[in-house]
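Participant: To start, I am sharing the structure in question, which I have written as structure tokens.
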There are 2 protein chains.
Amino acid sequence: MAFFQYFNGQVLPLDSSILQSNDLGLIRGFAMFDFFRTYNGIPFRWEDYWKRFENSARLLKLPLPLTQKQAYDILTELYTRSGEPEVAFRFILSGGHSPDGVQVQSPNFIIRTEQLPMDSPEGRSKGIKVLPYEYVRDLPTVKTTNYVHMILMAEEMKRKQAADLLFHKDDEVSELTRSNVFFFKGDQLITTDRHILHGITRKVVLEIAQDHFEIVIRPIYLTELLEAEEVFTTSSTKWVMPIRQIGDQVIGQGSAGPKTRMLQQMFEEVLINWGK
Amino acid sequence: MAFFQYFNGQVLPLDSSILQSNDLGLIRGFAMFDFFRTYNGIPFRWEDYWKRFENSARLLKLPLPLTQKQAYDILTELYTRSGEPEVAFRFILSGGHSPDGVQVQSPNFIIRTEQLPMDSPEGRSKGIKVLPYEYVRDLPTVKTTNYVHMILMAEEMKRKQAADLLFHKDDEVSELTRSNVFFFKGDQLITTDRHILHGITRKVVLEIAQDHFEIVIRPIYLTELLEAEEVFTTSSTKWVMPIRQIGDQVIGQGSAGPKTRMLQQMFEEVLINWGK
């Protein structure tokens, strides 16, 4: 195992000390990132992740120091040097080192290779518990690095055996800390596009689901989620993950419902066949 | 000029590359800071700044790796090594390097010495322009590093010759990006304590003002600020700074009013005599 990272033109060991203490990502929280992985050695939905990364950069007014082609070549090099069959990639673009702590001069661009996140086959059959949390993300369409609430609540989540937070405000639900929310109502598959990061897994699931369910994109509410028969969340690491409990409220049968299972299987087919 | 920084037990040149790319301050925005300076070579209101820093750390559940005494000894060493008559200090405490990007293992503590911020004697007599901006800071009592909106708006502020943003939501005003707001109504000096970072300059100004004005702490509103005769802001770098214009609306006479001037002079007396 030999994970490397790209940093402003160089390829370095993953644990190199590379950043100065006046990086705007550190001192001003002015940074964005993205995270995705390979299946069968091929970066999953690269076009979509790159497009989202470009979009985040545009919204933060940060110039991208690499073209899509250059970035892909770096991915390939990092993947090869890792010697691993599969890797995860974390892109980080910060405002860069700034003499006055305000002006962006030249962004810092880091591409990290990382070990795959822990898989949770048990979670996918049994479902996860999430805690309702009153919050709506700032600049939700940008994948900023602001995850203060998630880190702050990490201990309480552990104590309550919850896997994530469900953000809601004035009853309206937006997303989990790092994933999107869906629920079923009869044959309707319902999800929101308000105050969310547009997940790539969300996009793939919507593509898959459209031949099987009536898809409804509209604002969604905590009160209706609590009464739904099946609720699930999607992310690059969670795939299609049933939500079996929201706070104290058990959802449906308290495990993965049949429609969620069906989508899970279809999504996992896509992964198994990726690049083939 | 030789500015140094303290980092986890070492004293290093200010531009050393010290941080790995898995620092939770960088990848999760999980970091806090404080900023203050010397007058006559003595850190201004050290007790207050340290107390606030401790409070921020407690609210983020980050253990402080140094005692107050140890931190002060480091300030003294950094100040001496700078060879400068006056310096500014920036404390940064991040969640530290984290293997999984979520769990805090050991915070990174950085103390930077920096050049003094630019003084603005012209601003203090003529006043500054600020732009109303609909926003309320998340976790306002913690001096987190989340200044994304300030950086995002830096260009527009420049274009509109504005020096800062005035945060308001549903008409209620909280603070500027990095400073507190006051206004006069007759002999009442009014400021808010809702959704604000409790400024040390704010505290000193309240101490000074109490023998001269009736001090009222209550929610304040944009509509009343726009009609006020004198509005000013306080911060460690702005001291007592008149606000002459909010968006397109000129405030009072469009320059520093007499009561603001009086407080300015009293505050600057405190600075001149600091440590004497």
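The values are calculated or read from the model by the stated rules, or taken from the named source; none is laboratory data. The structure presented is a predicted model; accordingly, all values stated were derived computationally and were not measured. All Cβ positions, glycine included, derive from the backbone under ideal geometry; neighbour counts span all protein chains shown. Ligands, DNA and RNA are excluded from the accessible area calculation, which covers all protein heavy atoms including side chains. Shrake-Rupley method; radii C 1.70, N 1.55, O 1.52, S 1.80 Å.
Participant: Looking only at region B:64-75, how many residues end up being touching a residue at least 12 places away in the same chain (Cβ under 8 Å) and either outside the structural domain of B:P43 (by TED's automatic domain parsing) or in a helix (DSSP H, G or I) (or both)?
Facilitator: 5
Participant: So A:T223 ticks every box in (1) part of a helix (DSSP H, G or I); (2) of a type in the set (S, T, N, Q); (3) touching a strand residue (DSSP E or B) at 6+ places or on another chain (Cβ under 9 Å); (4) within 25 Å of A:T141 (Cα to Cα) but one. Which box is left unticked?
Facilitator: Single failed check for A:T223: (3).
Participant: Taking the residues in region A:106-135 that are in a loop (DSSP other than H, G, I, E, B) and modelled with pLDDT of 95 or more as candidates, determine which candidate is farthest from the chain's Cα centre (by Cα).
Facilitator: Per the criteria, the residue is A:S106.
Participant: Does B:D73 satisfy the criteria of being open to solvent by 20 Å² or more (accessible area, probe 1.4 Å) and within 14 Å of another protein chain (Cβ to nearest Cβ)?
Facilitator: No, not satisfied.
Participant: For region B:8-38, which residues satisfy the criterion of being in contact with a Lys or Arg (Cβ under 9 Å, 6 or more places away or on another chain), within 15 Å of B:T113 (Cα to Cα) and within 8 Å of chain A (Cβ to nearest Cβ)?
Facilitator: Of everything in region B:8-38, those that are in contact with a Lys or Arg (Cβ under 9 Å, 6 or more places away or on another chain), within 15 Å of B:T113 (Cα to Cα) and within 8 Å of chain A (Cβ to nearest Cβ) turn out to be B:L14, B:F33.
Participant: Does at least one position in region A:76-83 carry a residue that is without any contact (Cβ under 8 Å) to a residue 12 or more places away in the chain, open to solvent by 10 Å² or more (accessible area, probe 1.4 Å) and among the β-branched types (V, I, T)?
Facilitator: Checking region A:76-83: at least one residue is without any contact (Cβ under 8 Å) to a residue 12 or more places away in the chain, open to solvent by 10 Å² or more (accessible area, probe 1.4 Å) and among the β-branched types (V, I, T).
Participant: Oh, and also: How many residues are more than 17 Å from A:I110 (Cα to Cα) and surrounded by 15 or more Cβ atoms within 10 Å (Cβ to Cβ) if we restrict to region A:56-70?
Facilitator: 1
Participant: Among all residue pairs at least 6 apart or on different chains, which show Cβ distances below 7 Å where the first residue, located in region B:36-48, is assigned by TED's automatic domain parsing to the domain that holds B:F89 and closer than 15 Å to B:T237 by Cα and the second is open to solvent by less than 40 Å² (accessible area, probe 1.4 Å) and in a loop (DSSP other than H, G, I, E, B)?
Facilitator: From residues that are assigned by TED's automatic domain parsing to the domain that holds B:F89 and closer than 15 Å to B:T237 by Cα, the pairs are B:F36/B:F44; B:F36/B:S236; B:R37/B:F44; B:R37/B:V87; B:R37/B:S236; B:T38/B:F44; B:T38/B:V87.
Participant: Starting from residues that are on the phi < 0 side of the Ramachandran plot and part of a loop (DSSP other than H, G, I, E, B), keep the ones in region A:157-190 and report whichever is farthest from the other protein chains (Cβ to nearest Cβ).
Facilitator: Top of the filtered list is A:D187.
Participant: Another one. Kindly indicate whether any position in region B:34-47 is in contact with a helix residue (DSSP H, G or I) (Cβ under 6 Å, 6 or more places away or on another chain), at pLDDT 95 or above and hydroxyl-bearing (S, T, Y).
Facilitator: Yes: one or more hits.
Participant: Still on this structure, please answer the following. Would a scan of region A:146-156 turn up a residue that is within 18 Å of the chain's Cα centre (by Cα), small (G, A, S), surrounded by fewer than 22 Cβ atoms within 10 Å (Cβ to Cβ) and within 11 Å of another protein chain (Cβ to nearest Cβ)?
Facilitator: yes
Participant: Inspect all residues belonging to region B:7-29 and state whether any of them is touching a strand residue (DSSP E or B) at 6+ places or on another chain (Cβ under 8 Å), in a helix (DSSP H, G or I), in contact (Cβ under 8 Å) with a residue 60 or more places away in the chain and within 23 Å of B:S236 (Cβ to Cβ).
Facilitator: yes
Participant: Here's another thing I want to ask about it. For region A:97-112, give me each residue that is of a type outside the set (A, V, I, L, M, F, W, C) and within 11 Å of chain B (Cβ to nearest Cβ).
Facilitator: Residues satisfying the conditions are A:H97, A:S98, A:P99, A:D100, A:G101, A:Q103, A:N108, A:R112.
Participant: Something else: Take region B:220-251 and flag every residue that is free of Cβ contacts under 8 Å to residues at least 60 places away in the same chain, hydroxyl-bearing (S, T, Y) and open to solvent by less than 30 Å² (accessible area, probe 1.4 Å).
Facilitator: B:T234, B:S235
Participant: Assigned to a loop (DSSP other than H, G, I, E, B), open to solvent by 70 Å² or more (accessible area, probe 1.4 Å), without any contact (Cβ under 8 Å) to a residue 24 or more places away in the chain and not aliphatic (A, V, I, L, M): is that true of B:D193 in this structure? Give the steps one after another, and end with the answer.
Facilitator: Values: assigned to a loop (DSSP other than H, G, I, E, B): yes; open to solvent by 70 Å² or more (accessible area, probe 1.4 Å): yes; without any contact (Cβ under 8 Å) to a residue 24 or more places away in the chain: no; not aliphatic (A, V, I, L, M): yes.
No: the conditions fail for B:D193.
Participant: Counting only residues that are among the polar types (S, T, N, Q) and open to solvent by 10 Å² or more (accessible area, probe 1.4 Å), which one in region A:10-35 is farthest from B:F4 (Cα to Cα)? Quick ask: steps written out before the conclusion?
Facilitator: Restricting attention to region A:10-35, the residues satisfying the condition of being among the polar types (S, T, N, Q) are A:10, A:16-17, A:20-22.
Narrowing further to those that are open to solvent by 10 Å² or more (accessible area, probe 1.4 Å): A:10, A:16-17, A:20, A:22.
Working: A:Q10: 26, A:S16: 21, A:S17: 17, A:Q20: 12, A:N22: 13 Å.
Among those residues, the one meeting the criterion is A:Q10.
Participant: Still on this model: From B:P121, B:P107, grab the single residue that is touching a Gly at 6+ places or on another chain (Cβ under 7 Å), more than 22 Å from A:K61 (Cα to Cα) and free of Cβ contacts under 8 Å to residues at least 60 places away in the same chain. Outline the logic, then answer.
Facilitator: On the way: B:P121 fails: touching a Gly at 6+ places or on another chain (Cβ under 7 Å).
One residue alone meets the criteria, B:P107.
Participant: Considering region A:136-162 alone, what residues qualify as being among the small types (G, A, S) and at pLDDT below 95?
Facilitator: A:A154
Participant: I would also like to ask the following. Are any of the residues in region B:196-212 assigned to a helix (DSSP H, G or I) and open to solvent by 50 Å² or more (accessible area, probe 1.4 Å)?
Facilitator: Looking for residues that are assigned to a helix (DSSP H, G or I) and open to solvent by 50 Å² or more (accessible area, probe 1.4 Å), one finds at least one in region B:196-212, hence yes.
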